[in-house]
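S.K.: Right, I'll just put the structure down here and ask away after.
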Amino acid sequence: MLVDEIGESPILSLIDRIFEMRRRGEEVLGLHIGEPDFDTPSGIRDAAYRAMNEGLTHYVSAQGMPDLRGAIAERLAGRHRIPATADDVVVLPAKFAIYATLLATVSPGEEVLLSDPTYLFEQPVRLAGARPVYFPLGREFALDPEALERAISPKSRLLILVSPANPTGRVMRTSEVRAALEVARRHRLTVVSDETYESLIYEGTHVPPAREAAGSVPVITIGSFSKVYAMTGWRAGYAVAPPETRARLVKVMEHTLTCLPPFVQRAALWALQNAGPDEARFREKFRERRDHLLSRLDDLPGLSYTRPEGAFYVFPRYELPLSSTDFALRLLEEEHLALVPGVSFGPSGERHVRISYSSSLDRLDEGMVRLGRFLERQGASRGAR
């Protein structure tokens, strides 16, 4: 069976180990998970509660409720000048939107181009019957159009871009986006732009491929309510796609999830219309945590990093004779500190780990104490930068 051919990700093995340790009553400090530690703002929660009491607990359109789709299109048009209307939007969980997009755009045996490192797209690509093809990023995780060009074959169909990036925090420059779009245009590729962290940028500006393409390349924009509004458990997101792909996405929804719960959609609508102050507050908290974490990393031996400009991750490189999986597992066993092995994000992630700064300053401090002890026991030397 196709699903049996998909290997377990190193991050899932790590999470299983964490659950096992916690079941035994062992404390684990988790700086691995990509989830804000804030509660969902009360106004969003209250909006869902009101919607349930008003009877919004039944089926709605597989494409999504019109008022929410209109608000999403309005945000994208007003904030990023992405040409979109309510008809262009499909409401669905952002992670599922990736898989649905794969089903809607590629056939079995075709190839999907992934930057290396990048988010965990490899497994859904394989689940869709397609083949993931990595291309290496350049210096400081910048997109290298020549490396992208070399990775293309007659079977290439889709290019997935992520900005701000997970795991690196890199924000793509206008020149990078335009270069990627030009490669896509020449090779008749469809571009998927994962913009989950578009609101969490500390330096630079978000450059949406859909705006820069101006219709020259088909672009599917995927967004999420999870990170910006601390709504990870709500599973609310969206895709904005050209008509043919949008119709296929709706078909996937009709035959899988049916629809996103209407009370969740009403809460998401309230967030778009009213939760701007919470969005800004969360962003400033993450900026503070990033700066604090980087100052602590500067004091640790044997690490180097590229300064993240968005999202809430840093992806340091270490100089030790350990695979990233062994590094993360030994760190977990010896210091009860959970970080994500870099190889989870592609071959170039080896000798890296991902640290999430979505936790409090106190937890970040304690995590860096434990990481420092571990590095010193392994003989890491200072001055590795």
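The values are calculated or read from the model by the stated rules, or taken from the named source; none is laboratory data. Everything numeric here is computed off the predicted structure, so don't read it as measured data. Reconstructed Cβ throughout: ideal geometry from the backbone, glycine too, with neighbour counts over all protein chains shown.
S.K.: Please specify each residue of the range 310-326 satisfying the condition of being farther than 17 Å from residue 12 by Cβ and either of a type outside the set (D, E, K, R) or buried (at least 22 other Cβ atoms within 10 Å of the Cβ) (or both). Steps first, please.
M.R.: Of the residues in the range 310-326, the ones farther than 17 Å from residue 12 by Cβ are 310-322.
Of everything in the range 310-326, those that are farther than 17 Å from residue 12 by Cβ and either of a type outside the set (D, E, K, R) or buried (at least 22 other Cβ atoms within 10 Å of the Cβ) (or both) turn out to be 310, 311, 312, 313, 314, 315, 316, 318, 320, 321, 322.
S.K.: Restricting attention to the range 159-197, which residues are in contact with a Gly (Cβ under 7 Å, 6 or more places away or on another chain) and among the acidic types (Asp, Glu)?
M.R.: If the condition is that a residue be in contact with a Gly (Cβ under 7 Å, 6 or more places away or on another chain) and among the acidic types (Asp, Glu), then 195 is the only one that fits.
S.K.: Being of a type outside the set (A, V, I, L, M) and either in contact (Cβ under 8 Å) with a residue 12 or more places away in the chain or not in a loop (DSSP other than H, G, I, E, B) (or both) is the filter here, so list the residues in the range 47-57 that pass it. Show your work before the answer.
M.R.: Just the residues of the range 47-57 that are of a type outside the set (A, V, I, L, M), to begin with: 49-50, 53-55, 57.
Matches in the range 47-57: 49, 50, 53, 57.
S.K.: Just checking, does the range 290-297 include any residue being small (Gly, Ala, Ser) and in contact (Cβ under 8 Å) with a residue 60 or more places away in the chain? Break it down into steps so the answer makes sense when it comes.
M.R.: Initial filter on the range 290-297 (small (Gly, Ala, Ser)): 295.
Those still in the list that are in contact (Cβ under 8 Å) with a residue 60 or more places away in the chain too: none.
No; the residues of the range 290-297 include none that is small (Gly, Ala, Ser) and in contact (Cβ under 8 Å) with a residue 60 or more places away in the chain.
S.K.: Let me ask something else. Let me confirm something: among 86, 73, which residue is of a type in the set (A, V, I, L, M), surrounded by 20 or more Cβ atoms within 10 Å (Cβ to Cβ) and either more than 25 Å from residue 206 (Cβ to Cβ) or touching a residue at least 12 places away in the same chain (Cβ under 8 Å) (or both)? Break it down stepwise before answering.
M.R.: Working: 86 fails: surrounded by 20 or more Cβ atoms within 10 Å (Cβ to Cβ).
After applying the criteria, what remains is 73.
S.K.: While we're here: What number of residues within the range 348-366 satisfy the criterion of being touching a Gly at 6+ places or on another chain (Cβ under 9 Å) and in a helix (DSSP H, G or I)? Break it down into steps so the answer makes sense when it comes.
M.R.: To start, the set of residues in the range 348-366 that are touching a Gly at 6+ places or on another chain (Cβ under 9 Å) comprises 348-356, 358-359, 363.
Keeping just the survivors that are in a helix (DSSP H, G or I) gives 348-349, 363.
Total meeting the criteria: 3.
S.K.: Additional query: With 193, 175 as the choices, which residue is within 25 Å of residue 349 (Cβ to Cβ), in the same structural domain as residue 266 (by TED's automatic domain parsing) and surrounded by fewer than 18 Cβ atoms within 10 Å (Cβ to Cβ)? Working first, answer last.
M.R.: Details: 193 fails: surrounded by fewer than 18 Cβ atoms within 10 Å (Cβ to Cβ).
Answer to the check: 175.
S.K.: Return the residue satisfying two criteria in turn: it lies in the range 1-46 and is outside any loop (DSSP other than H, G, I, E, B) and among the polar types (S, T, N, Q), and of such residues it is modelled with the lowest pLDDT. Steps first, please.
M.R.: Pass one, the range 1-46, residues outside any loop (DSSP other than H, G, I, E, B): 2-5, 10-23, 29-30, 42-46.
Checking the rest, the ones that are also among the polar types (S, T, N, Q) come to 13, 42.
Details: 13: 80, 42: 98.
Checked the range 1-46; the qualifying residue modelled with the lowest pLDDT is 13.
S.K.: Oh, and also: Kindly list the number of the only condition in (1) over 15 Å from residue 44 (Cβ atoms); (2) of a type in the set (A, V, I, L, M); (3) in contact with a helix residue (DSSP H, G or I) (Cβ under 8 Å, 6 or more places away or on another chain) that fails for residue 264.
M.R.: Of everything listed in (1) over 15 Å from residue 44 (Cβ atoms); (2) of a type in the set (A, V, I, L, M); (3) in contact with a helix residue (DSSP H, G or I) (Cβ under 8 Å, 6 or more places away or on another chain), residue 264 misses just condition (1).
S.K.: Related question: Name the pairs: first residue in the range 318-336 and over 13 Å from residue 372 (Cβ atoms), second residue in a helix (DSSP H, G or I), Cβ to Cβ under 6 Å, at least 6 apart or on different chains?
M.R.: 324/342; 324/343; 325/10; 328/14
S.K.: Let me ask you something else. Taking only the range 298-347 into account, find how many residues are assigned to a helix (DSSP H, G or I) and not aromatic (Phe, Trp, Tyr). Don't jump to the end; show me each part of the working.
M.R.: Start the filter on the range 298-347 by keeping residues that are assigned to a helix (DSSP H, G or I), which leaves 324-335, 342-345, 347.
Next, from what is left, pick out any that are not aromatic (Phe, Trp, Tyr): 324-326, 328-335, 342-344, 347.
The total comes to 15.
S.K.: Regarding the range 106-118, can at least one residue be identified that is assigned to a helix (DSSP H, G or I) and either free of Cβ contacts under 8 Å to residues at least 40 places away in the same chain or touching a helix residue (DSSP H, G or I) at 6+ places or on another chain (Cβ under 9 Å) (or both)? Outline the logic, then answer.
M.R.: Filtering the range 106-118 down to residues assigned to a helix (DSSP H, G or I) leaves none.
No, that holds for no residue.
S.K.: Being assigned to a loop (DSSP other than H, G, I, E, B) and either touching a helix residue (DSSP H, G or I) at 6+ places or on another chain (Cβ under 6 Å) or aromatic (Phe, Trp, Tyr) (or both): is that true of residue 99 here?
M.R.: Numbers: assigned to a loop (DSSP other than H, G, I, E, B): no; either touching a helix residue (DSSP H, G or I) at 6+ places or on another chain (Cβ under 6 Å) or aromatic (Phe, Trp, Tyr) (or both): yes.
No: the conditions fail for residue 99.
S.K.: A follow-up question, please. Please identify the pairs in which a residue from the range 152-163 that is touching a residue at least 40 places away in the same chain (Cβ under 8 Å) has its Cβ atom under 7 Å from the Cβ atom of a residue that is small (Gly, Ala, Ser), counting only partners at least 6 apart or on another chain.
M.R.: 155/109; 159/180; 159/184; 161/180; 161/193
S.K.: Next up: Just checking, how many residues over the range 1-59 are farther than 20 Å from residue 367 by Cβ and not charged (D, E, K, R)?
M.R.: Number satisfying all stated conditions: 25.
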